[in-house]
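Below is one structure; the comments refer to it alone.
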Amino acid sequence: MLLDLDRGSPPVRRVTVLLPYPFPRPFDYAVPEGLDPQPGDIVLVPLNRREETGVVWDSAPDETVPGHKLKPLIAIVDTPPMAEPLRRMVDWMAAYTLSPPGEVMAMALRVVRQLPGPTSGWRRASPLPDVRMTAARHKVLAVLAVHEPIAGPDLTRAAGVSAAVVRGMADHGLLVPALLPEIAPFGRPRVSDADVVLSPDQDGVAAALRAKVAARAFSVTLLDGVTGSGKTEVYLEAVAECLRQNRQALVLLPEIALSSQWLSRFERRFEVAPAVWHSDLGSRVRRITWRAVAEGRAPVVVGARSALFLPFPDLGLVIVDEEHETAFKQEDGVVYNARDMAVVRARFCAAPAVLVSATPSLETVANVEAGRYSRLHLPSRHAGAALPTIEAIDLRETPPERGRFLAPPLVAAVQQSLERGEQAMLFLNRRGYAPLTLCRTCGHRMQCPNCTAWLVEHRARRELQCHHCGHAVPIPIECPECKAPHSLTPVGPGVERITEEATQIFPDARILVMASDTMPGPDAAAEAARAIEAREVDLIIGTQIVAKGWHFPHLTLVGVVDADLGLAGGDLRASERTVQLLHQVAGRAGRAEAPGRVLLQTFSPEHPVMQALLRGNLEDFMASEAAQRRPGNWPPYGRLAALIVSADSAASADALARDLGQAAPSGEGIQVLGPAPAPLSILRGRHRRRLLLKTRRDVAVQPLLLAWLAKVKVPREGRVDVDVDPVSFL
Ligand code: ADP
Ligand code: ZN
């Protein structure tokens, strides 16, 4: 027995409690009489005169602190404990990403800490009384116009006003209380066989997936196959098997806001809706869902990255759809890749993980080749639908008319589709009207005052906007530099400008623009999908949003306005990503009986990326990518970690980057690149420098990074962010 002899006090039982803050380790607390906390219990503890919620952790208490100095635990919260597999994932992620464990755990605890929510909220009075209106009151009404009724805390947050504003509006009769809708209980999915008859290929793959689920053991499988080959159809059968096993299933989608079609498909198969999880859920739905998951009452969750941290008591399957998507990488706070963490989560739950894509990432392909992951393949489109034909339009030979961006062959093809009563799509991965605004008189370029970036014109809103920090100014009439009036000119196209051009060329076409700023939120996206399916739209013009898994049976033509766009910049994965994105966009065409056609506008049809797309030969392309990355130990054949230095001034950023450079690790299979100015060398007013640690695959980067960072003193105004397995190099 361990006795605490100082001051002759009786022995003190200790527990370690992990708090949701970036402290380096859990804290010890004394266990008062009558409580029996176990690892995983959610507890209230005192911290700096406040009460905090934390989780009893498994680590050994720090016996050097005398017992009488420990503060006592206050209470055990009446909520399901955090299960061991989730605690292990938190520890693993913290160690891998070099993040404080409490910061990782906070992502799993966020919901528990909220107080029980209201059951009633607010709606607008009708008719609205004639009382004084302020800007704040208008904001509140604007939120309610889109979303009503809504809980008070959600309303103040969305409108950016204080609770007093809402109270005042209620007092003046502008708002009336309204019951919040009950959220439907999460129904039991129908797990009997699907109505669709699977093709022999599909059936084989479905059986293999069902066997993995029934094995109730960890495994990772790549499910690949061309767009429209029935991957979703097949993995839903794996979900059904998981439910028959009485375990829960998690499906991660890269953009949950764009998943209306996926959700209706799920309902067709299972006759109930899944639980949905993402960061824009209202606080009430969020709490109800969290509890239902924790108590095992939500059989299937479909969600964004953050769904990985839900407290599943018995997770039996994790699916990552569109696994190649960079949207799975979280870039702020704890920097992690949800695709990889899904595999880790599955491992700690003894469950299979399935990574799904028509264009798998080279990382996943390399894991298959090394035998770490297995692969299931669907070779052809369902029901004999042919893959679209892909052709290049060489912009050097058939350029668009002066001041235009759509070349004659593309215009003619769109015209033909419209005449046949079919739908067409124009894709350009750039929001706004023009990416650059230039003065014709003095050459001045409109730049963001806070970032190394041009301001993007958004003509509909009459604004120039920075896409990095959100800075926005009205479009000036005169050049701020030389004062010449009406001399500022847009350079290059964004989707708004393509829309303007298309409206002139095809005046009778019903055009729909799909971009994150014109289509905010799931409701707008669902409405867009409905209108397209109902053939209320002839021509879709969109950014990368249009590449995402949509199934539009009447769409037969896809025109890529600038196929070369993603290749500039020299990013490690620029080619891979361009092939994936353009192949996905192309995959929207010809998904039903009528064959699809894809036209790529490019200045370099001979580029390997264009050649791979034109020949439909992605495997050879990926093999040549692999051959290029292997010799230099570039990922996935080596490891990368980035250090991003930032500071208030260029001088202190340089000094800190130099210190890091001098302390850089060295050795066999270890290389440090930089320091160098980041491509976004100023972001939100902070000066940024980058260093890149590149190692052989058999070198563990975390210990190197820890030792490296320990050698350098970071001044108060400076910061070093660590990004293990970086995806963005900006
Ligand atoms: P992927 O996920 O590979 O893009 P989907 O699963 O979305 O492919 O299938 C493409 C389309 O074909 C969907 O509308 C789907 O419902 C349909 N489909 C696929 N397989 C079958 C099948 N065996 N029977 C009927 N329809 C199918
Ligand atoms: Zn900016």
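The values are calculated or read from the model by the stated rules, or taken from the named source; none is laboratory data. What you are looking at is a predicted structure, and each value in this text was computed from that prediction instead of being measured. Glycine also receives a Cβ, built like all others from the backbone with ideal geometry; neighbour counts cover every protein chain displayed.
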- Does VAL302 fit the bill of being not in a helix (DSSP H, G or I) and not basic (Lys, Arg)? yes
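Residue-by-condition table, conditions (1) within 16 Å of ligand 2 (Cβ to nearest atom); (2) buried (at least 16 other Cβ atoms within 10 Å of the Cβ); (3) assigned to a loop (DSSP other than H, G, I, E, B); (4) assigned by TED's automatic domain parsing to the domain that holds PRO553:
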{"position": "CYS469", "(1), (2), (3), (4)": "yes, yes, yes, no"}
{"position": "GLU481", "(1), (2), (3), (4)": "no, no, yes, no"}
{"position": "ARG497", "(1), (2), (3), (4)": "no, yes, no, yes"}
{"position": "THR503", "(1), (2), (3), (4)": "no, no, no, yes"}
- Query: Can you name the condition, by its number, that ALA159 falls short on among (1) farther than 30 Å from GLU295 by Cα; (2) within 16 Å of ligand 1 (Cβ to nearest atom); (3) among the small types (Gly, Ala, Ser)?
  - Reply: (2)
- Query: Out of all the residues in segment 282-299, which are in a loop (DSSP other than H, G, I, E, B) and either over 15 Å from GLY187 (Cβ atoms) or not basic (Lys, Arg) (or both)?
  - Reply: GLY282, GLU295, GLY296, ALA298, PRO299
- Query: Given ASP224, ASP280, which one is within 22 Å of the chain's Cα centre (by Cα) and more than 30 Å from PRO153 (Cα to Cα)?
  - Reply: ASP224
- Tell me which of these PRO435 doesn't satisfy, since it passes every other one: (1) under 22 Å from PRO400 (Cα atoms); (2) touching a residue at least 24 places away in the same chain (Cβ under 8 Å); (3) more than 35 Å from the chain's Cα centre (by Cα). (3)
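Evaluate segment 342-352: report whether one residue or more is aromatic (Phe, Trp, Tyr), in contact with a Ser or Thr (Cβ under 6 Å, 6 or more places away or on another chain) and not assigned by TED's automatic domain parsing to the domain that holds ALA642. Working first, answer last.
In the first step, residues of segment 342-352 are kept if they are aromatic (Phe, Trp, Tyr); the result is 348.
With the extra rule that they be in contact with a Ser or Thr (Cβ under 6 Å, 6 or more places away or on another chain), the set shrinks to none.
Among the residues of segment 342-352, not one is aromatic (Phe, Trp, Tyr), in contact with a Ser or Thr (Cβ under 6 Å, 6 or more places away or on another chain) and not assigned by TED's automatic domain parsing to the domain that holds ALA642, which makes the answer no.
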- Message: Looking at segment 354-366, can you tell me whether even one residue there is closer than 21 Å to PRO85 by Cα and more than 16 Å from ligand 1 (Cβ to nearest atom)?
- Response: no
- Query: Is there a residue in segment 292-307 that is surrounded by fewer than 18 Cβ atoms within 10 Å (Cβ to Cβ) and of a type in the set (A, V, I, L, M, F, W, C)?
  - Reply: no
- Item | Matching residues, segment 32-77, being touching a Lys or Arg at 6+ places or on another chain (Cβ under 8 Å), under 25 Å from PRO313 (Cα atoms) and not β-branched (Val, Ile, Thr) | PRO39, GLY40, TRP57, ASP58, SER59
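Looking at segment 175-281, what helices (runs of 4 or more DSSP H) fall wholly within it and have at least 1 residues that are more than 15 Å from ligand 1 (Cβ to nearest atom) and surrounded by 18 or more Cβ atoms within 10 Å (Cβ to Cβ)?
On the way: elements: 200-214, 231-244, 260-270.
Those helices (runs of 4 or more DSSP H) span 200-214, 231-244.
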- Item | Residue list for segment 706-730, filter: of a type in the set (Asp, Glu) and either part of a helix (DSSP H, G or I) or out of contact with any helix residue (DSSP H, G or I) (no Cβ under 8 Å at 6 or more places or on another chain) (or both) | ASP721, ASP723
- Are there any pairs, at least 6 apart or on different chains, whose C-beta atoms fall under 9 Å, with the first in segment 544-560 and closer than 20 Å to SER516 by Cα and within 11 Å of ligand 1 (Cβ to nearest atom) and the second of a type in the set (Val, Ile, Thr) and not in a loop (DSSP other than H, G, I, E, B), and if so, which? GLY549/THR232; TRP550/ILE532; PHE552/ILE532; PHE552/ILE540
- When segment 25-75 is examined, which residues are found to be outside any loop (DSSP other than H, G, I, E, B) and hydrophobic (A, V, I, L, M, F, W, C)? PHE27, ALA30, ILE42, VAL43, LEU44, VAL45, LEU47, VAL55, VAL56, ALA75
- Item | Odd one out for PRO675, checked against (1) more than 28 Å from the chain's Cα centre (by Cα); (2) farther than 16 Å from ALA653 by Cα | (2)
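Applying the selection to segment 450-467, what residues are under 15 Å from ALA434 (Cα atoms), in contact (Cβ under 8 Å) with a residue 24 or more places away in the chain and either crowded, with 19+ Cβ neighbours inside 10 Å or within 25 Å of the chain's Cα centre (by Cα) (or both)? Steps first, please.
Kept after step one, since they are under 15 Å from ALA434 (Cα atoms), are these residues of segment 450-467: 453-467.
Retained after the next criterion (residues that are in contact (Cβ under 8 Å) with a residue 24 or more places away in the chain): 453, 456-460, 464-465, 467.
The answer is ALA453, VAL456, GLU457, HIS458, LEU464, GLN465, HIS467.
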- Just one of the numbered conditions (1) free of Cβ contacts under 8 Å to residues at least 40 places away in the same chain; (2) among the small types (Gly, Ala, Ser); (3) not in a helix (DSSP H, G or I) is not true of ALA623; which one? (3)
- Inspect all residues belonging to segment 563-575 and state whether any of them is among the hydroxyl-bearing types (Ser, Thr, Tyr), buried (at least 22 other Cβ atoms within 10 Å of the Cβ) and either out of contact with any Ser or Thr (no Cβ under 7 Å at 6 or more places or on another chain) or farther than 16 Å from GLU322 by Cβ (or both). no
- Query: Pairs under 7 Å by beta carbon, first residue aromatic (Phe, Trp, Tyr) in segment 276-294, partner surrounded by 20 or more Cβ atoms within 10 Å (Cβ to Cβ) and not in a loop (DSSP other than H, G, I, E, B), six or more apart or different chains?
  - Reply: TRP277/THR289; TRP277/VAL301; TRP277/GLY303; TRP277/ALA307
- Task: Considering only residues that are closer than 23 Å to SER652 by Cβ and outside any strand (DSSP E or B), look in segment 683-705 and name the one that is modelled with the highest pLDDT.
- Result: LEU705
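Could you tell me whether any residue of segment 629-638 is surrounded by 15 or more Cβ atoms within 10 Å (Cβ to Cβ) and touching an Asp or Glu at 6+ places or on another chain (Cβ under 9 Å)? It would help to see each step written out before you state the result.
Initial filter on segment 629-638 (surrounded by 15 or more Cβ atoms within 10 Å (Cβ to Cβ)): 629, 633-638.
Next cut, touching an Asp or Glu at 6+ places or on another chain (Cβ under 9 Å) only: 635-636.
Within segment 629-638, one or more residues are surrounded by 15 or more Cβ atoms within 10 Å (Cβ to Cβ) and touching an Asp or Glu at 6+ places or on another chain (Cβ under 9 Å).
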- Message: So PHE312 passes all but one of these: (1) surrounded by fewer than 24 Cβ atoms within 10 Å (Cβ to Cβ); (2) aromatic (Phe, Trp, Tyr); (3) assigned to a loop (DSSP other than H, G, I, E, B). Which condition number does it fail?
- Response: (1)
